[in-house]
Amino acid sequence: IELEVTKLERLNLIGQLAAGLGHEVRNPMTTIRGFLQILHTKSDLLPYKSYFDLMIEELDRANSIITDFLSIAKNKSTEFKRQCLNTLLTNLFPLILAYAYSQDKKCNFEPGEITELDIDSSEITQLVLNLARNGLEAMHNNGYLTIRTFMDDQFIVLSVKDEGTGIKPEDVLKLGTPFFTTKENGTGLGIPMCYNIARRHFAKIEVKSGSEGTTFLIRFPQHIGNGAI
Ligand code: ADP
Ligand code: MG
């Protein structure tokens with residue numbers, strides 16, 4: 001147990017250092033991006049337009065890695081508010097729908113009868129967006145992404161199901177490991193972020209995956225604290 005604690009503390013310290021570093025690196029990146037954007041519209045540099053596009057794209061990619069990393073390393077404490085998960089999802093769904101449509105994919109939202117629960121809206125938004133994005137990215141054919149909520153026993157369950165390629169059994173074990181990605185442009189930080197958010201909500205993540213697709217189930221308790229767990 002002692003070993004575990006030291007390991008955790010060390011991870012925490014690394015997280016804090018990385019977060020600081022991320023912030024510092026971002027400022028010069030913003031400057032560079034600004035100047036690239038100016039140069040990119042100069043007519044005598046037009047022959048190099050594709051280079052500029054690529055530079056900006058790569059900067060944006062680096063920036064999104066930092067964003068994902070910061071939200072994992074962040075120290076901000078989770079702010080629980082008792083609310084209805086269906087309302088949050090109803091507000092969020094148009095965004096997911098628009099994203100899906102832009103890639104010729106479809107999605108459904110099937111809210112079930114659930115009780116209110118203690119959640120941090122921005123964290124849960126992030127979690128759902130990460131899972132939805134992965135689900136959509138896994139579908140090459142015109143499959144459906146389905147987001148559902150329902151009660152199971154005492155728990156409120158959020159399910160994000162896709163009809164995509166599925167995850168190889170050996171890769172399922174790697175889910176949650178930072179930087180594990182099978183995508184050319186992946187960061188491998190989306191799922192670790194989901195695990196962190198779930199942990200802060202005392203929720204459990206269950207993954208079912210096969211040739212017919214993947215389902216992520218997040219099981220939330222109705223109450224946080226007060227011996228509810
Ligand atoms: P990224 O999306 O940047 O690769 P994530 O942490 O979000 O990073 O996901 C890690 C890896 O887990 C992905 O690269 C992919 O191999 C696998 N994965 C996650 N969700 C799904 C899914 N719904 N279907 C298939 N593979 C998935
Ligand atoms: Mg992802």
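The values are calculated or read from the model by the stated rules, or taken from the named source; none is laboratory data. Only a predicted model underlies this, so the values are computations on that prediction, with no experimental measurement involved. Cβ coordinates were reconstructed from backbone atoms using ideal geometry, including for glycine residues, and neighbour counts include every protein chain displayed.
Couple of notes before you dig in:
- Verdict on Thr149 being surrounded by 15 or more Cβ atoms within 10 Å (Cβ to Cβ), within 17 Å of Val207 (Cα to Cα), more than 16 Å from ligand 1 (Cβ to nearest atom) and modelled with pLDDT of 90 or more: yes
- Exactly one residue out of Val128, Val160 is outside any helix (DSSP H, G or I), closer than 19 Å to Asn91 by Cβ and modelled with pLDDT of 95 or more, and it is Val160.
- In the range 192-216, the residue that is farthest from ligand 1 (Cβ to nearest atom) out of those that are closer than 24 Å to Asp152 by Cβ and in a loop (DSSP other than H, G, I, E, B) is Phe202.
- Looking only at the range 135-146, and only at residues there that are of a type outside the set (A, V, I, L, M, F, W, C) and in contact with a strand residue (DSSP E or B) (Cβ under 8 Å, 6 or more places away or on another chain), the one that is farthest from ligand 1 (Cβ to nearest atom): Asn142
- Which numbered condition Val172 fails, given (1) surrounded by fewer than 20 Cβ atoms within 10 Å (Cβ to Cβ); (2) aliphatic (A, V, I, L, M); (3) under 23 Å from Gln103 (Cβ atoms): (3)
- Check on Gly176, within 16 Å of ligand 2 (Cβ to nearest atom), of a type outside the set (D, E, K, R) and touching a Gly at 6+ places or on another chain (Cβ under 8 Å): no
- For the range 124-148, a residue qualifies if it is within 16 Å of ligand 2 (Cβ to nearest atom) and charged (D, E, K, R), and the qualifying residues are Arg133, Glu137.
- Flag if Ile1 is modelled with pLDDT under 70, of a type in the set (Val, Ile, Thr) and out of contact with any helix residue (DSSP H, G or I) (no Cβ under 9 Å at 6 or more places or on another chain): yes
- Single residue of the range 153-191 satisfying the filter (among the charged types (D, E, K, R) and over 23 Å from Cys107 (Cα atoms)) that is farthest from ligand 1 (Cβ to nearest atom): Asp153
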